[in-house]
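Here's the structure, in structure tokens; my notes come after.
Rule-based calculations on the coordinates, nothing more; no lab input. Keep in mind that this is a model prediction, so the values were computed, not measured. Methodologically, a virtual Cβ is constructed for each residue, glycine included, from the backbone with ideal geometry; neighbour enumeration extends over all protein chains shown.
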């Protein structure tokens, strides 16, 4: 039941992480290059700029998504007393 109640927290966290990640990427890309970041949908894009841009964008988004997800789970747990997920990773 707690997993179902957690879904809105998770969705909201993903939206916030995406917005913050986009701003963070644009800010960091401004340090790397004075032009707008390349996008895969652009027809004429240099791969030497596209690949680092995609790697940087992906790393930023994944890190922020993970932080927001864990933070929202902690908040949910404080509010409800139940952890929405696994307690720890499965042993190898």
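Between residue 70 and residue 43, how high is the FRET efficiency from 1/(1 + (r/R0)^6) when r is the Cβ-Cβ distance and R₀ = 30 Å? Nearest 0.05. Write down the numbers at each step before the final one.
Working: r = 39 Å, r/R0 = 1.30.
That pair, residue 70 with residue 43, gives E of 0.15.
Compute the distance in nm between two label points, each set 7 Å from the Cα along the Cα-to-Cβ direction, one at residue 35 and one at residue 79.
So the label points at residue 35 and residue 79 sit 4.5 nm apart.
Top mean-square fluctuation among 22, 41, 49, Gaussian network model of the chain, C-alpha springs under 10 Å?
Largest GNM mean-square fluctuation: 41.
For the chain, how big is Rg over Rh, using alpha carbon atoms and the Kirkwood form of Rh? If you can, show how the numbers build up before the last one.
Values: Rg = 17.4 Å, Rh = 15.3 Å.
When Rh is taken as the Kirkwood radius, the ratio is 1.14.
Please state the relative contact order of the chain as a whole percent: Cα pairs under 8 Å, 6+ residues apart?
41
Between 27, 13, 66, find the one with the highest GNM mean-square fluctuation for the chain; connect C-alpha pairs within less than 10 Å.
Maximum fluctuation in the GNM of the chain, among the listed residues, is at 27.
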